[in-house]
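Colleague: Dropping the structure in here first, questions after.
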Amino acid sequence: MQAAEVSAYFHKFDEAEEMYVDMDRKDLALELRKRLGNWRRVLALHSKWYGDKEGRQNDATHNEVHQKLGESYYDHQKWSNAAKCFERVKAGSGSTERLIDCYFRSEQWQSMVDLAQDLPAENVDHLNDLGERFRRAGMCKPAVDALLKAGNVKAAVDCCVLLNQWDRAVELAQEHNFPQIESLLSDYASSMLKQNKRLEAIELYRAANKSPQAAKLLCTIAEETMTTKVNPLRAKKLYVLAALEMERFKKRSLDMSGSTTTNMTAAQTTAATLDNLMSHDQATGESKSLERPWHGAEGVHFYLLAQRQLYDGEVEAAMITAVRCGQYEDVLGTKEASSLIALTSFYNKHYGSCSKAFINLESQKGLPQAELDQYIELGVNIFSRHPPQNPDSKALPFLDTTRPACVASGRPLIGSESTMSCRVCSHKMFSREVRTNNCPLCHAKLQ
Ligand SMILES: [Zn+2]
């Protein structure tokens, strides 16, 4: 024994170790190596003598060795090696924090996710740490799972907001009775609106499933686009988007067959449906454009259709569609709608309709005198030669605007011709008028 200590004193460690082993004092051999901080040797000896089974995790030496070895790898920034060591240390012995750090630095995301799942809920600090790291890596779902497991709802909602997952944020806030989210959402949206980032605000509302707000903004932009008269097609697209958004909202608020109802009684389901109906009414009642979501899109659609027909030389079809535009003066403006009616009915010698359109044009509010004089002069010019009467033409029944119109041709849906309807916007059209495989109004694929 003394000889071994002397050898150790003179730095002949291998010799000393051998002597201890010969004396069957393996513990002293291990102690020597520990004292020297040669953890790899300790591990090698320990495994050689006692085996390296997972079941040995309760062994104090096993834990100590892996902990120390892990730390030495950690100090040398060998993250994956360190992680492997820390993984073998019994949970709860203070290595978890280091383990998380090693995973994070070596980007072992799946291991982090597994660890978060395995950690018991009492490990609040580690779960919060994991959640925060997932958030920094942009991994919303694991972050939320970890934070919720730690009981940190606020951090979970904040995480969704920071990662722009508003739908999940709103959902979580509703599940956990966290009312602040609504004001947060509206503050965020109004700050975007102040910076004139309206499309971003629409995206935000869409992501948070706030369809009426998104639709309202879309309608406002569509109206502005219409007044500039530069790009009516863009206005139509915006109106269609708004209408689709409202369809989505209607479907969501009335569709109660989803997973939310599985644990509800009949009375609860009825109450929830009623609640949804009321919120639907409340949302649509705020704005006219939301009450009739397709109205704007229809108006611009028929306006564009009439012009296309006119330029294609289909003057009668153009007149029928133009007369339909008379119903959409709120969208198109009196001047645009009536001018189109006047022009097309003049070409078709329907001077009765033409004269009515002139009366409309002349009675516009706030019309400048010069413009009014031009209308009167043109009117006198036309109607002194042609009495303001419609001829007895076959087009007359088609000028009836009390019936809904075919969105492909603009003609009212009368007669026995076969029709089909679009499953997205529910508008009808004559089958033989459909030229492409898409709905002329909302451009969805037709079946
Ligand atoms: Zn459609």
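Colleague: Based on this model, can you work out whether L399 counts as surrounded by 14 or more Cβ atoms within 10 Å (Cβ to Cβ) and within 16 Å of the ligand (Cβ to nearest atom)?
Modeller: On the way: surrounded by 14 or more Cβ atoms within 10 Å (Cβ to Cβ): yes; within 16 Å of the ligand (Cβ to nearest atom): no.
Taking the combined requirement at face value, the residue does not satisfy it.
Colleague: E362 passes all but one of (1) surrounded by 14 or more Cβ atoms within 10 Å (Cβ to Cβ); (2) among the acidic types (D, E); (3) closer than 22 Å to V315 by Cβ; which number fails?
Modeller: (3)
Colleague: A further question follows. Is it true that A222 is out of contact with any Asp or Glu (no Cβ under 8 Å at 6 or more places or on another chain), under 18 Å from G333 (Cα atoms) and not acidic (D, E)? Break it down into steps so the answer makes sense when it comes.
Modeller: On the way: out of contact with any Asp or Glu (no Cβ under 8 Å at 6 or more places or on another chain): yes; under 18 Å from G333 (Cα atoms): yes; not acidic (D, E): yes.
So A222 passes the test.
Colleague: I would also like to ask the following. With respect to A342, is the statement that it is in contact with a Cys (Cβ under 6 Å, 6 or more places away or on another chain), in a helix (DSSP H, G or I) and not assigned by TED's automatic domain parsing to the domain that holds A408 true? Outline the logic, then answer.
Modeller: Numbers: in contact with a Cys (Cβ under 6 Å, 6 or more places away or on another chain): yes; in a helix (DSSP H, G or I): yes; not assigned by TED's automatic domain parsing to the domain that holds A408: yes.
Against the criterion (in contact with a Cys (Cβ under 6 Å, 6 or more places away or on another chain), in a helix (DSSP H, G or I) and not assigned by TED's automatic domain parsing to the domain that holds A408), A342 qualifies.
Colleague: From P397, P388, grab the single residue that is assigned by TED's automatic domain parsing to the domain that holds D330 and in contact with a strand residue (DSSP E or B) (Cβ under 9 Å, 6 or more places away or on another chain). Give the derivation first.
Modeller: Details: P388 fails: in contact with a strand residue (DSSP E or B) (Cβ under 9 Å, 6 or more places away or on another chain).
Answer to the selection: P397.
Colleague: Follow-up. Has the stretch 352-375 got at least one residue that is more than 21 Å from K237 (Cβ to Cβ), part of a loop (DSSP other than H, G, I, E, B) and within 16 Å of the ligand (Cβ to nearest atom)? Break it down into steps so the answer makes sense when it comes.
Modeller: Taking the stretch 352-375 as the starting set, the residues that turn out to be more than 21 Å from K237 (Cβ to Cβ) are 352-375.
Checking the rest, the ones that are also part of a loop (DSSP other than H, G, I, E, B) come to 363-368.
In the following step, the residues that additionally are within 16 Å of the ligand (Cβ to nearest atom) were identified as none.
Scanning the stretch 352-375 turns up no residue that is more than 21 Å from K237 (Cβ to Cβ), part of a loop (DSSP other than H, G, I, E, B) and within 16 Å of the ligand (Cβ to nearest atom).
Colleague: Mind counting the residues in the stretch 426-441 that are within 13 Å of the ligand (Cβ to nearest atom) and either of a type in the set (S, T, Y) or more than 21 Å from Q307 (Cβ to Cβ) (or both)? So that I can check it myself, show each step before the final result.
Modeller: We begin by selecting, within the stretch 426-441, every residue within 13 Å of the ligand (Cβ to nearest atom); these are 426-429, 434, 436-441.
Still in the list and also either of a type in the set (S, T, Y) or more than 21 Å from Q307 (Cβ to Cβ) (or both): 426, 428, 436-437.
Within the stretch 426-441, residues that are within 13 Å of the ligand (Cβ to nearest atom) and either of a type in the set (S, T, Y) or more than 21 Å from Q307 (Cβ to Cβ) (or both) number 4.
Colleague: Enumerate the helices (runs of 4 or more DSSP H) found wholly within the stretch 1-80, keeping only those where 2 or more residues are of a type in the set (D, E) and at pLDDT 75 or above.
Modeller: Values: elements: 2-9, 13-22, 26-36, 39-50, 60-75.
Fully inside the stretch 1-80 and qualifying: 13-22, 60-75.
Colleague: Quick check on the stretch 78-132: of everything there that is aliphatic (A, V, I, L, M) and under 29 Å from the mean Cα position of the chain (by Cα), which residue is surrounded by the fewest Cβ atoms within 10 Å (Cβ to Cβ)? Give the steps one after another, and end with the answer.
Modeller: Residues of the stretch 78-132 that are aliphatic (A, V, I, L, M), as a first pass: 82-83, 89, 91, 99-100, 112-113, 115-116, 119, 121, 124, 127, 130.
Retained after the next criterion (residues that are under 29 Å from the mean Cα position of the chain (by Cα)): 112-113, 116, 127, 130.
Details: M112: 21, V113: 18, A116: 24, L127: 24, L130: 27.
Once the filter is applied, the top-ranked residue is V113.
Per-residue answers, yes or no, for (1) touching a helix residue (DSSP H, G or I) at 6+ places or on another chain (Cβ under 6 Å); (2) among the hydroxyl-bearing types (S, T, Y); (3) outside the structural domain of G366 (by TED's automatic domain parsing):
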site: I320; (1), (2), (3): yes, no, no
site: G326; (1), (2), (3): yes, no, no
site: E336; (1), (2), (3): no, no, no
site: F346; (1), (2), (3): yes, no, no
site: Y351; (1), (2), (3): no, yes, no
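Colleague: Given the criterion touching a Leu at 6+ places or on another chain (Cβ under 8 Å), at pLDDT below 85 and surrounded by 15 or more Cβ atoms within 10 Å (Cβ to Cβ), identify the matching residue among M246, M192. Show your work before the answer.
Modeller: On the way: M246 fails: at pLDDT below 85.
Exactly one residue qualifies, and that residue is M192.
Table: residues versus (1) at pLDDT below 95; (2) within 27 Å of the chain's Cα centre (by Cα); (3) buried (at least 18 other Cβ atoms within 10 Å of the Cβ); (4) under 20 Å from P404 (Cβ atoms).
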{"site": "T284", "(1), (2), (3), (4)": "yes, yes, yes, no"}
{"site": "K288", "(1), (2), (3), (4)": "yes, yes, no, yes"}
{"site": "V331", "(1), (2), (3), (4)": "yes, no, yes, yes"}
{"site": "A337", "(1), (2), (3), (4)": "yes, no, yes, yes"}
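Colleague: Taking the conditions exactly as written (under 21 Å from A306 (Cα atoms) and either more than 16 Å from the ligand (Cβ to nearest atom) or modelled with pLDDT of 90 or more (or both)), does F346 satisfy them or not?
Modeller: Values: under 21 Å from A306 (Cα atoms): yes; either more than 16 Å from the ligand (Cβ to nearest atom) or modelled with pLDDT of 90 or more (or both): yes.
Yes; evaluated as a whole, the condition is true for this residue.
Colleague: Sticking with this one: Being surrounded by 14 or more Cβ atoms within 10 Å (Cβ to Cβ) and part of a helix (DSSP H, G or I) is the filter here; which residues of the stretch 168-185 pass it?
Modeller: Once the filter is applied, which keeps residues that are surrounded by 14 or more Cβ atoms within 10 Å (Cβ to Cβ) and part of a helix (DSSP H, G or I), the stretch 168-185 yields R168, A169, V170, E171, L172, A173, I181, E182, L184, L185.
Colleague: Scanning the stretch 404-416 for residues that are at pLDDT 90 or above, more than 9 Å from the ligand (Cβ to nearest atom) and assigned to a loop (DSSP other than H, G, I, E, B), which turns out surrounded by the fewest Cβ atoms within 10 Å (Cβ to Cβ)?
Modeller: Applying the filter and picking the extreme gives P404.
The values are calculated or read from the model by the stated rules, or taken from the named source; none is laboratory data. Note that the structure is predicted; figures quoted are calculated from it, not measured. Methodologically, a virtual Cβ is constructed for each residue, glycine included, from the backbone with ideal geometry; neighbour enumeration extends over all protein chains shown.
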